[in-house]
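The values are calculated or read from the model by the stated rules, or taken from the named source; none is laboratory data. Just so we're clear, the structure is a prediction, and the values are computed from it rather than from any experiment. No Cβ is skipped: glycine too gets one built from the backbone with ideal geometry, and neighbour counts run over all protein chains shown. Remember, those area values only see protein heavy atoms, side chains included, never the ligands or the DNA or RNA. Shrake-Rupley method; radii C 1.70, N 1.55, O 1.52, S 1.80 Å.
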Amino acid sequence: MAILITGISELTTNVEDGPVRNAAVVLEGGRFAFVGSAAAAPAADEKVDVGGRAALPGWVDSHSHLVFAGDRTAEFEARMAGLPYRAGGIATTVAATREATDDDLVANLARHLAEARRQGTTCLETKTGYGLRVEDELRSARIAAASADEVTYLGAHLVPTGTDPESYVDLVCGPMLDAVAPYVRWADVFCETGAFDEHQAERVLRAAAARGLGLRVHGNQLGYGPGVQLAVRLGAASVDHCTYLATDDIEALAASNTVATLLPACDLSTRQPLAPARTLLDAGATVALATNANPGSSYTTSMAFCVATAVLQMGLSVPEAVYAATAGGAAALRRDDVGSIRVGARADLQVLDAPSVAHLAYRPGVPLTPAVWRFGRRVPPQPTFG
């Protein structure tokens, strides 16, 4: 069935020099079948008039950790009272996740996915990394693969308490990788003080690449370090966080096709400096925005919040921030079927209760997404436009 969506005041496509005014799109077979002026739109089986509202691609959230159990509110409150963020807090979630049933983890993931989709996120990556044992990482990978668009293996999230680091890296590169590989597309490593050093991180990434997995890196979050350079050297699709960047790091990213994925909600929650988004873009690097949704350092699924923060506090224009949260995320996932609105692309679309995307930053914190289509199907709830 073909659906004509018309009455679009401003359509952000990410393939035009600017937004299309007085636009319409046709969704058919899960793809965009028409994109352009409403005056030129063909007839369709169903028509939806959005009444002069703006529309844009669905958000592409290329970094989240949503297979988990437990709560870390106390850790957050302590951090807000002045205690620093450290990588070791992950162990709290690991313990809770290991104790949870499959049904608990499935339900929690489904709840957060539904929450994200209602807010306009139509393509989402999530990771393992709260199991850190072969059976628990395998379980997380299976659960994630059943629901998420993209799944990343993050066995190298933290060395479990009481475990020899080198022996654990052997496990991550061997039996654990073998177990999860059928369920994941990517491998990631937390290359940071308190997690994995450069040598250990490189071992993990090379083992994953040998199994045919794409590479991602958590890097340069808690201080200056080797994560960015390692990601670029090994051709990783993205390096995520990028809070502390030296000039050499920025130059390396700009000269590569490794995407700098920035996680502003995490920077705020951990009271770290915000990543240098403006400097990265000016240097020519590709930038993505993502939520880093997780129970410890960034418990939000709101991509709109990340966009507003990027505009209001990180020096990006609204179009730059929207691009980073859509096409930038698609680049970080090496996908060309999401993050843009063009004929043949996946029919992922969100409508704003506003005449332009500028309202995402002009009205921060206000829920502005009354309607979302994913694969050409409406995501509940379904409002009546008037």
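Tabulated results
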read-out: Qualifying residue in the stretch 298-319 (condition: closer than 30 Å to Pro42 by Cα and of a type in the set (Gly, Ala, Ser)); value: no
read-out: Matching residues in the stretch 200-224 - criterion: being small (Gly, Ala, Ser) and under 12 Å from Val189 (Cβ atoms); value: Ala201, Ala207, Ala208, Ala209, Gly219
read-out: All positions within the stretch 28-51 that are open to solvent by less than 50 Å² (accessible area, probe 1.4 Å) and either in contact with an Asp or Glu (Cβ under 9 Å, 6 or more places away or on another chain) or under 21 Å from Ala325 (Cα atoms) (or both); value: Phe32, Phe34, Val35, Ala44
read-out: Residue in the stretch 102-115 that is closer than 27 Å to Phe305 by Cα, in contact (Cβ under 8 Å) with a residue 60 or more places away in the chain, open to solvent by less than 60 Å² (accessible area, probe 1.4 Å) and of a type in the set (A, V, I, L, M, F, W, C) present; value: no
read-out: Which listed residue is farther than 16 Å from Ala236 by Cα, modelled with pLDDT of 95 or more, in contact with a helix residue (DSSP H, G or I) (Cβ under 6 Å, 6 or more places away or on another chain) and buried (at least 24 other Cβ atoms within 10 Å of the Cβ), from Gly120, Gly131, Gly219; value: Gly131
read-out: Close pairs from the stretch 233-247: first open to solvent by 10 Å² or more (accessible area, probe 1.4 Å), partner assigned to a strand (DSSP E or B), Cβ under 8 Å, at least 6 apart; value: Leu234/Leu215; Gly235/Leu215
read-out: Near pairs, Cβ below 8 angstrom, 6+ apart or cross-chain, from the stretch 327-343 (under 18 Å from Val25 (Cα atoms)) to any residue that is in a helix (DSSP H, G or I) and open to solvent by 10 Å² or more (accessible area, probe 1.4 Å); value: Gly339/Ala327; Gly339/Ala331; Ser340/Ala327
read-out: Residue among Arg335, Arg363, Arg342, Arg377 that is farther than 23 Å from Gly52 by Cα, of a type outside the set (Ser, Thr, Tyr) and either touching a Gly at 6+ places or on another chain (Cβ under 9 Å) or open to solvent by 30 Å² or more (accessible area, probe 1.4 Å) (or both); value: Arg335
read-out: Count of residues meeting criterion [assigned to a strand (DSSP E or B) and either at pLDDT below 95 or surrounded by fewer than 20 Cβ atoms within 10 Å (Cβ to Cβ) (or both)] in the stretch 192-216; value: 1
read-out: Breaking point among (1) over 14 Å from Ile5 (Cβ atoms); (2) surrounded by fewer than 22 Cβ atoms within 10 Å (Cβ to Cβ), for Ala330; value: (2)
read-out: Residues located in the stretch 65-85, provided they are in contact (Cβ under 8 Å) with a residue 12 or more places away in the chain, closer than 17 Å to Leu268 by Cβ and charged (D, E, K, R); value: Arg72, Glu75, Arg79
read-out: Yes/no for Leu312 being over 25 Å from Leu245 (Cβ atoms), part of a helix (DSSP H, G or I), without any contact (Cβ under 8 Å) to a residue 60 or more places away in the chain and in contact with a helix residue (DSSP H, G or I) (Cβ under 8 Å, 6 or more places away or on another chain); value: no
read-out: Boolean, Val189 is part of a strand (DSSP E or B) and closer than 30 Å to Ala255 by Cα; value: yes
read-out: Pairs, first on the phi < 0 side of the Ramachandran plot and free of Cβ contacts under 8 Å to residues at least 40 places away in the same chain in the stretch 34-51, second open to solvent by 40 Å² or more (accessible area, probe 1.4 Å) and not hydrophobic (A, V, I, L, M, F, W, C), C-beta under 8 Å, six or more apart; value: Ser37/Asn22; Ala38/Asn22; Ala39/Asn22
read-out: Near pairs, Cβ below 7 angstrom, 6+ apart or cross-chain, from the stretch 186-211 (at positive phi) to any residue that is open to solvent by less than 20 Å² (accessible area, probe 1.4 Å) and not basic (Lys, Arg); value: Gly194/Ala87
read-out: Unmet requirement for Ala285, which otherwise passes all of (1) free of Cβ contacts under 8 Å to residues at least 40 places away in the same chain; (2) under 30 Å from Ala74 (Cβ atoms); (3) of a type in the set (A, V, I, L, M, F, W, C); value: (2)
read-out: Residue within the stretch 265-284 that is assigned to a helix (DSSP H, G or I) and among the basic types (Lys, Arg) present; value: yes
